[in-house]
Amino acid sequence: MASLLHKRFRLGPTSARLIPLLLLAMAPLLYIVLSLFLSSPISAQQCSQPLRCNDATFQPFLSTGVTIEKTFEVPARGTYGEGPSNLGHPANAIGIPNVCAVTVRVKASEKSTYRFGLFLPTRCAWNQKFLAVGNGAQSGGINWADMGQGPHYNMATLSTDTGHNSTGDDLKWGMNDKDKLQDWGYRALKGSVEIGKKLVAGFYGKPITYSYWSGCSTGGRQGLKQMQIAPGSFDGVLVGAPAWDTKHLFPWIARLAATNWNASNPEGFFGGREWQLLNASIWDQCISRPEVKNGTAADPFGGCVLDWNKMICPPQGAGDPNACLTKPQADTARKWYADWKDANNKLVFPGLPLGSEPAWPQVWGIGADSREPKFDSDYIRYWLYNDESYSLGDYDEEQVLADSRRINPGNATADQFDVTEFKKRNGKVLMYHGTVDGVVVPGTSQVYYDETVKKMGSVDEFMRLFYVPGMYHCSFTDATINAPWIMGGAGQAVALQQLLGLGKGWSVPYFEGNGKYDALVALMDWVEKKQPVEKLIATTWETSGKMKQRPICKYPAKAKYNRGDVYSADSWICA
């Protein structure tokens, strides 16, 4: 769902808060200039051996139903991708090392096919490691842009198109098509990894020694699902804000929207004006606290308790009715923040976190003045009932929940919590989640963590969770609080490079390849050097160019201010 957030969040009515972030991130001008001309130290190796990047090179390693669509040698500091025709991932990889780009098509069933791409570094550069990267939302398309980071680490890198070509908020392709839904849910990735690994080993004439995954949102779900159904696929899995619980996530999104468009409760409707009043009041109550203002609070919204009386209109005739919420409107908002429980009082899905409000209008329509947002009903319309006439006016909460649990479109939900086989192989999971994520709420990662503990006991040996205070969905923060969030997560380096003009498209600016600051390198060090990840350091910059860093602590610990410069990670402890 990351691409859906990016598509809507940056262009929505609250994007004004992001503009200062765009400006401040461009502050280190010298670094930007250098990044245009210098490749990474790791990828600067020269190799006299030819790549042999042609179709014939791969023919001996192809099996029935697998064909090479295209091979192309990309020069050093080159650009590669499929551009706007690649609807789900139109951005190309830029500034990549010399690689062989390969596009492969696979027949998945009698009714469907999928494609995947490979970036293969030179034989001198390759370190016998393999990296697969994830997709966003329901998007179809090879994620060439995020693949571009892998060769900088000297890794052969793969991405699948999940079996179709569409934008992230388009679900119509799955209507009456169980094959395509299965490809999206798990089959395209599983097959791509299996076949891709064979092609990589054949191309180099050497075995792969270590394999890794990096993905956020849907990409996080993909990594967990693959770990569960094919535990030998990866040695390390880097998982951000995983949308792992699809059979509950989509009904929850529809429930949020249906609460707002409830015809029997028109007084509770939230339009743009009401959303702005709610957002402003929450920010005033939470961000005005002394510990937030002086910078000693790691999580600006953590521990904030709302006084709803400050938002609700006084008795009729008193105050300005345009500057407050009615009680029914406040009740609507309270329902969004509350956990959703079923008829048996069991948790279905956690509620929204305070501070996530800027994402609401752009992602699932809350605050929009149109009567029904498209995305919020399309899952039910196209994936559950195959009925184009369905609308949220027909929404039956308990029925939709029961049907979603029963059908589980694409078998996409990654809820096989006992991953003993993965653990036996010394596999490691590093999971992270932004605390103000309004797309896939942070509580879902805690649910996943807790359910795994219930199945397996202590998980510290192989799985660790890190919450990133103030980070939205997978990346970015609000410029008002400017929380450190850059930590080598999936898609972050590409966002910095292609949206902000900062960095080299991989790792963390100024700290490339350093496991203290780069989560992917930290995961590799945990797998290969037996160095457990106790904390990470997240980075951002002020408008002045001053670096701002803070430790990201292993759950359940949190960063606590100790003493010294609040901008320095050394001034904080995990407690």
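In this structure, the amide hydrogen of Phe349, modeled 1.01 Å from its nitrogen in the peptide plane, lies closer than 5 angstrom to those of Trp340, counting only residues at least 5 positions away or on a different chain. Between the entries (1) 18, 38, 27, 14, 2, 0; (2) 21, 56, 22, 1, 0; (3) 18, 39, 23, 15, 6, 0, the label attached to P(r) over Cα pairs in 20 Å bins from 0, in percent calculated for this structure is (2).
Dipole magnitude for region 472-575: about 280 debye, using +1 per Lys or Arg Cβ and -1 per Asp or Glu Cβ, origin at the Cα centre. By accessible area, using a 1.4 Å probe on protein heavy atoms only, the chain has 52% of its surface on carbon and sulfur. Across region 502-507, coupling constants 3J(HN,Hα) worked out from phi with the 6.51/-1.76/1.60 Karplus curve, θ = phi - 60°, read 10, x, 10, x, 7, 6 Hz, and Gly and Pro carry x.
Less than 5 angstrom separates the built amide H of Thr113 from those of Ala108, all sequence-distant by 5 or more or on a different chain.
Please calculate how many Å² of accessible area region 479-537 carries per residue, with a 1.4 Å probe and no DNA, RNA or ligand atoms counted. Each step should come with its number before you reach the end.
Working: 1780 Å² over 59 residues.
Each residue of region 479-537 exposes 30 Å² on average to a 1.4 Å probe.
Under 5 Å between amide hydrogens, built in the peptide plane, is the criterion, and for Ser211 it picks out Phe130, Asp235, Gly236 among residues at least 5 positions away or on other chains.
Residues of region 486-519 with the amide nitrogen closer than 12 Å to a label point 7 Å from the Cα of Gln531, along Cα-to-Cβ, please. Residues passing the 12 Å test: 513-519.
DSSP bridge analysis restricted to the chain gives an antiparallel fraction near 60%, rounded to the nearest 5.
Remark: the Cα gyration tensor places region 230-312 in the oblate category, a/c being 1.5 or greater and a/b not exceeding b/c. The dipole here belongs to the chain: it is taken about the Cα centre, uses +1 on the Cβ of Lys and Arg and -1 on the Cβ of Asp and Glu, and is about 1520 debye. Compared with the direct C-alpha span, the chain from Asp394 to Asn176 gains 76.5 nm at full extension, assuming 0.36 nm per residue. When the helices of the chain are scored as -39500 (n - 2.57) per DSSP H run of n ≥ 4 and the total is divided over every residue, the value at 222 nm lands at -8500 deg cm²/dmol. Working from Cα positions, state the angle (0 to 90°, nearest 10) between the long axis of helix 327-337 and the longest principal axis of the chain. Between helix and principal axis, roughly 30 degrees. An oblate overall shape is assigned to region 172-241, the ratio a/c of its alpha-carbon gyration tensor axes (a ≥ b ≥ c) being 1.5 or greater and a/b not exceeding b/c. Highest-first packing order for the peptide set 386-396, 348-358, 106-116 is 348-358, 106-116, 386-396, based on the mean count of other beta carbon atoms within 10 Å.
The values are calculated or read from the model by the stated rules, or taken from the named source; none is laboratory data. In this text, all values refer to a predicted model and were calculated from it rather than measured experimentally. Every residue, glycine as well, gets a Cβ built from its backbone with ideal geometry; the counts of neighbours run over all protein chains shown. Accessible surface is based on the protein model in full, side chains and every heavy atom, while ligands, DNA and RNA are left aside. Shrake-Rupley method; radii C 1.70, N 1.55, O 1.52, S 1.80 Å.
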